[in-house]
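This report refers to the structure that appears directly beneath it.
The values are calculated or read from the model by the stated rules, or taken from the named source; none is laboratory data. Every value quoted in this text rests on a predicted model; they were computed, and no experiment measured them. Cβ placement follows ideal geometry from the backbone for every residue including glycine, while neighbour counts extend to all protein chains displayed.
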């Protein structure tokens, strides 16, 4: 199963004409934009409640097939023969931006995020963003791995336990650490 639908990052613009505005005007526009992002329609609120309930069920369910079913109901795009461990947190607001391809393994306590919306006082220095996460075919995520928005993990890559992945990972690569750094490329071992 291949998920080629949404792979581009959607950066949320704070202001268009930076040259023409004073600093205080820029800050006021950013604050107004931040307040607008906090408003949700009724259907968005209902969808968030549904996602939260299904996420809680999936979080502690002891049966893998049910965990996957709950996440699919939330909107996560999941391929065949995928393992998702207990106590995994998969983004609540934008689960439909997560693509998990066939034969991937996500171990316990992993966190996959597709959005970042900073608090009001940090809005001028940290842009809010929503970006898809693609976990390729045969990928293994170690225990307590964190995947940040906009990351694509190439097929058959291994992410070591406790890593924080903030940049895309090429296929057949072992990464570890915070932030995750490449340890080795093992494609030559897999293609023999």
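Which of the residues belonging to region 123-151 are surrounded by fewer than 18 Cβ atoms within 10 Å (Cβ to Cβ) and part of a strand (DSSP E or B)? Result: 129, single match.
Close contacts from region 165-192, counting a first residue that is assigned to a strand (DSSP E or B) and a second that is surrounded by 14 or more Cβ atoms within 10 Å (Cβ to Cβ) and at pLDDT below 90, with Cβ to Cβ under 8 Å and a gap of 6+ residues or different chains, come to 173/186; 174/186. Just one of the numbered conditions (1) modelled with pLDDT of 95 or more; (2) surrounded by fewer than 17 Cβ atoms within 10 Å (Cβ to Cβ) is not true of residue 112: (2).
For region 48-67, the criterion of being surrounded by 21 or more Cβ atoms within 10 Å (Cβ to Cβ), under 23 Å from residue 140 (Cα atoms) and touching a strand residue (DSSP E or B) at 6+ places or on another chain (Cβ under 6 Å) is satisfied by at least one residue.
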